[in-house]
Amino acid sequence: MATVLFDEATRKYPKTEVPAVDKVTLEIPDGEFLVLVGPSGCGKSTTLRMLAGLEPVDGGRILIDGHDQAGVRPRDRDIAMVFQSYALYPNMTAFENMAFALRNAKVEKAEVEQRVTEAAKILELEGLLTKKPGQMSGGQRQRVAMGRAIVRQPKVFCMDEPLSNLDAKLRVSTRSQIAQLQRRLGVTTVYVTHDQVEAMTMGHRVAVLKDGKLQQSDTPAKLYDEPVNTFVASFIGSPAITMTRSAVREGEVTIHGLPVSLDRSTLSAARGDVVVGFRPEAWQVVGAGEPGIDVAVDLVESLGSEAFVHGEPARSHDDATVAIGADRVTFKVIGKTDLDVGDTVRIAPIAEQAHVFDAESGMRLR
Amino acid sequence: MSGQAESAIQGQGRVGKVFGYAAMVAVLAVIAVPLFWIVVTSFKAHDHIYVRPAEYLPIPFTPENYSDVTTRIPFFAYFRNSVIITFFTAGIKIVLGVLSAYALSLLRFPGRGILFVVILAALMVPNQITIISNFALVAQLGWKNTFQGIIIPLAGVAFGTFLMRNQFLSLPHEIIEAARMDGAGPFKLLWRVVMPLSWPTLVAFSLITIVNEWNEYLWPFLMSDDERTAPLQVGLTMLQNNDGVTNWGPVMAGTVLTILPVLILFLVLQRQMIKGLTSGAVKS
Ligand SMILES: Nc1ncnc2c1ncn2[C@@H]1O[C@H](COP(=O)(O)OP(=O)(O)O)[C@@H](O)[C@H]1O
Ligand SMILES: [Mg+2]
């Protein structure tokens, strides 16, 4: 049981120009499952390793339960870590792997036995206790690595992409198992992933990192509904948001040639152009006579209950729209769809669901 | 892949195989022919050794050469000395090598980098250069004809430090970090995690060290005058000197007996080495 506070925590690796983690400030209350998410190389692992004491803190502080951890050795922090590679001891059985930390801490033999057995029961590892990691499947190794962490009953769990070495199906089921387990144990957890779906489904709160800088930390719903900048807007959500850059004229923006009126008070905050984003569900199919954007469908992902349609807007000559990223639109259709690749469909955005950002700074306008 | 490309690669493989086997045959000849000759000669009667044309089989079969060795020189005393010298020198080398490599790779302390460079520099100095000053020092200490006089100057470890350090550095960082977070102290980390992961390299290093120490000649030769401390290698020279140069039968028999222990050790440890290698290979 512990609270964790990153207070402008900074890490600059020797012989590098920019800090890998740059003044990250983040408070994690007791029992929270916090997910650190961001693209590869953004400093997630470094942040986690600083908390675990495996990486020094070059600026700012990290506090656990209010105590500055500067100079505290990893073994004295009472943190258990699950590594991406699992880092099991290959020469030890599953039991010995899990008991290692307890034995080092001189826990009584009977209690070691009891705690390992209990963890094995929770993780369905009972039949594997005498096996060595070399004789286990990837999923089993992953569970032993989890078991090694939970038998310690630590203050904080640190997990660095623990699911990335599993196949897709196992990943989905293990995802919910880990989340459930954390809720049940109530141990403060920092979980690192580059997969935004994992982040959105597992965490109480999600912290988005980019280039070592914290972008936003919020509940999954808040991140989705009110991303603070274009990066968060495009990183969170699958399929991704469709964003276009546009000039502002009298409360109107132009999305792929279609004039769209937006909230004037929002737009008035813009100093120049804006970036307007619509998530897949913020589009509707309209009739041929109505105002809209004609889209040439080039991919239909049908999930049965809903479908995501990807396409390219047909460009008119006077279209001044600059699309962000690929010049494409993705929208969602509820239920079955008879749209097919090669069809042209007319769609229109729902103005109320627009995300509006300043084009220069990328920051959300409110 | 097209059929043509495939057959080209197969052809390449065939040529490669031919060269591979040719190389193996060459190596075998270089190593095996002298060995064969040693063994054959060790069973030959005295007047069958220097004959033309050469005799490839020992007829008449003369095992007496072997009993000759043990009676003409104090063979077992030499053997005992060899075992003592090898055991302690190799033992010290292996322990010091592992510990220093461990400190230089996985423990953090100021001056670590400089210390490693110094040790590397020691590796660059050939033995022959230090031998005279070592001799003077050991003689001054009154250590001639003592085991410590032979063993201590031989127990320098630069090679082992270098080899084992590289091995330790190649271990997955995350396992070491996991052990640290699991509260393993420096010795537990070494003994329970680092060493078991380094088994094959350690066995190879030990084997090389033991064979080297067993075959050490120059320094024990300088240090010991007789069977009180002289190892087998030196003893064989005595045998040759006693008999004059011509009686090769007992000398070869002595040589075979000298090779035998390391050969057996090699065969035993080799299996260990392979076991270690394959058990490490089952990682994901
Ligand atoms: N030991 C190191 N030395 C120098 N640079 C490093 C080291 N480890 C990571 N980095 C750099 O720091 C940045 C962040 O790395 P990391 O925290 O591993 O990112 P992530 O886990 O988000 O993929 C990357 O640019 C990476 O190249
Ligand atoms: Mg990482």
Output the number of residues of the stretch A:275-309 satisfying the condition of being surrounded by fewer than 20 Cβ atoms within 10 Å (Cβ to Cβ) and in contact with a helix residue (DSSP H, G or I) (Cβ under 8 Å, 6 or more places away or on another chain).
3
Are any residues in the stretch A:82-118 more than 13 Å from every other protein chain (Cβ to nearest Cβ) and basic (K, R), and if so, which ones?
A:K109, A:R115
Of the residues A:A145, A:A240, only one is at pLDDT 95 or above and either of a type in the set (G, A, S) or assigned by TED's automatic domain parsing to the domain that holds A:I79 (or both); which?
A:A145
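Going through B:I151, B:I175 one at a time, which residue ends up being touching a residue at least 40 places away in the same chain (Cβ under 8 Å) and either crowded, with 18+ Cβ neighbours inside 10 Å or not in a loop (DSSP other than H, G, I, E, B) (or both)? So that I can check it myself, show each step before the final result.
Numbers: B:I175 fails: touching a residue at least 40 places away in the same chain (Cβ under 8 Å).
The match here is B:I151.
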Quick check: anything in the stretch B:155-171 within 14 Å of another protein chain (Cβ to nearest Cβ) and surrounded by fewer than 21 Cβ atoms within 10 Å (Cβ to Cβ)?
yes
Conditions (1) at pLDDT 95 or above; (2) away from ligand 2 (no atom under 16 Å from the Cβ); (3) under 24 Å from A:G186 (Cα atoms): number failed by A:K12
(3)
Quick one: how many residues across the stretch A:44-71 are away from ligand 2 (no atom under 16 Å from the Cβ) and either at positive phi or in contact (Cβ under 8 Å) with a residue 12 or more places away in the chain (or both)?
15
Filtering the stretch B:62-116 down to residues that are among the charged types (D, E, K, R) and surrounded by 16 or more Cβ atoms within 10 Å (Cβ to Cβ) yields B:D68, B:K93
Looking at the structure I just gave you, is A:V116 buried (at least 21 other Cβ atoms within 10 Å of the Cβ) and either at negative phi or within 16 Å of ligand 2 (Cβ to nearest atom) (or both)?
yes
Which of the residues belonging to the stretch A:35-50 are away from every other protein chain (no Cβ under 14 Å), surrounded by fewer than 24 Cβ atoms within 10 Å (Cβ to Cβ) and more than 7 Å from ligand 1 (Cβ to nearest atom)?
A:P39
Single residue of A:R143, A:R152, A:R148 found to be away from chain B (no Cβ under 14 Å), basic (K, R) and surrounded by 14 or more Cβ atoms within 10 Å (Cβ to Cβ):
A:R143
Can you tell which of A:G66, A:G31 is more than 16 Å from ligand 1 (Cβ to nearest atom) and surrounded by fewer than 15 Cβ atoms within 10 Å (Cβ to Cβ)?
A:G66
With (1) part of a helix (DSSP H, G or I); (2) under 30 Å from B:E177 (Cβ atoms); (3) at pLDDT 90 or above as the list, and B:P110 as the residue in question, which single condition is left unmet?
(1)
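The values are calculated or read from the model by the stated rules, or taken from the named source; none is laboratory data. The shown structure was predicted, so the numbers you read here are calculated from the model rather than taken from an experiment. When we count neighbours, we look across all protein chains shown, and the Cβ atoms used for this are built from the backbone with ideal geometry, even at glycine.
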